[in-house]
């Protein structure tokens, strides 16, 4: 069975969309396809007005770095880099000056409440702290689309609330956020809740859309 079947979904700027459903229903696959990390077998994925399938590999990497921030369940932070270096990395890869990248990284770390951990390496961080490093990296710079896979899953309620406040703040500034979650607190703060089952969107969060 395909991981996704006939999914059609738009995520508007200035909105927080939560995707919910049982484990294995295709939620994480939806994020990787939406972010261009995995090609769709058919259909079109458009981010910031660009059809991702039309881009070369190098152009696709550049487009993701500039427009899309990812928060992965397994964090995907570099073990040999400290916290602020991990957050700076996408901007540096995009050719930004190191001083600019550091300033943006400091701002992002403060937004998620771990600016005091800037010099620590991942092996000296808890799971929840690593999660917030991943979120800081995703929001560092001016990305218009944030894709987050269970961003509050490893956090206590206070830290989860701060992460949610950060995401809501990004939305208020015009970003589009698509968040996969099992957390009802996230769903309660979302502008829209999309529900999936067996690779299908069974409710796209719009009135009268349930099937």
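Read-outs: derived from the displayed coordinates by stated rules, not from any lab. Remember, it's a predicted structure, so these values are computed and weren't measured experimentally. Cβ sites come from the backbone with ideal geometry, for glycine too, and all protein chains shown count toward neighbours.
Take each of the peptides 142-150, 34-42, average the number of other beta-carbon atoms within 10 Å over its residues, and list them starting from the highest. Let's see the in-between values first.
Numbers: 142-150: 21.0, 34-42: 15.3.
In descending order of packing, they fall as 142-150, 34-42.
Beta carbons within 10 angstrom, averaged per residue: use that to sort the peptides 9-20, 173-184, highest first.
Details: 9-20: 17.9, 173-184: 19.4.
In decreasing order of mean packing, 9-20, 173-184 become 173-184, 9-20.
What is the antiparallel percent of DSSP beta bridges lying wholly in the stretch 15-203, to the nearest 5?
Values: 5 of 23 bridges.
About 20 percent, rounded to the nearest 5.
Computed from the mean reciprocal separation of all distinct C-alpha pairs, what Kirkwood hydrodynamic radius does the stretch 1-72 have, in Å? Mind showing how you got there, number by number?
Working: mean 1/r = 0.0753 Å⁻¹.
13.3 Å is the Kirkwood radius here.
Would you calculate the convex hull of the Cα atoms in the stretch 51-193 and tell me its volume per residue in Å³? Display every interim value, and only then the final one.
Numbers: hull volume 16.3 nm³, N = 143.
In the stretch 51-193, the Cα convex hull volume per residue is 114 Å³.
With the contact rule set at Cα under 8 Å and sequence spacing of 6 or more, what percent relative contact order holds for the chain?
36 percent
Helix-only estimate, please: 222 nm mean residue ellipticity of the chain, summing -39500 (n - 2.57) across DSSP H runs of length 4 or more and dividing by its residues, to the nearest 500. Provide the component values of the computation, followed by the final result.
Working: 7 runs with 79 residues, N = 211.
Here the helix-only value at 222 nm equals -11500 deg cm²/dmol.
Which order do the peptides 78-87, 116-125 take when ranked by the mean count of other beta-carbon atoms within 10 Å per residue, highest first? Present the calculation step by step, with values, prior to reporting the outcome.
Details: 78-87: 18.8, 116-125: 14.4.
Going by the mean number of other Cβ atoms within 10 Å, highest first, we get 78-87, 116-125.
Give me the one-decimal Kirkwood hydrodynamic radius in Å for the stretch 22-106, with the sum taken over alpha-carbon pairs.
On the way: mean 1/r = 0.0687 Å⁻¹.
About 14.6 Å, per the Kirkwood formula over Cα pairs.
Be a star and scan the stretch 29-46 for residues whose amide nitrogen sits under 16 Å from the point 7 Å along the Cα-to-Cβ vector of residue 59.
36, 45-46
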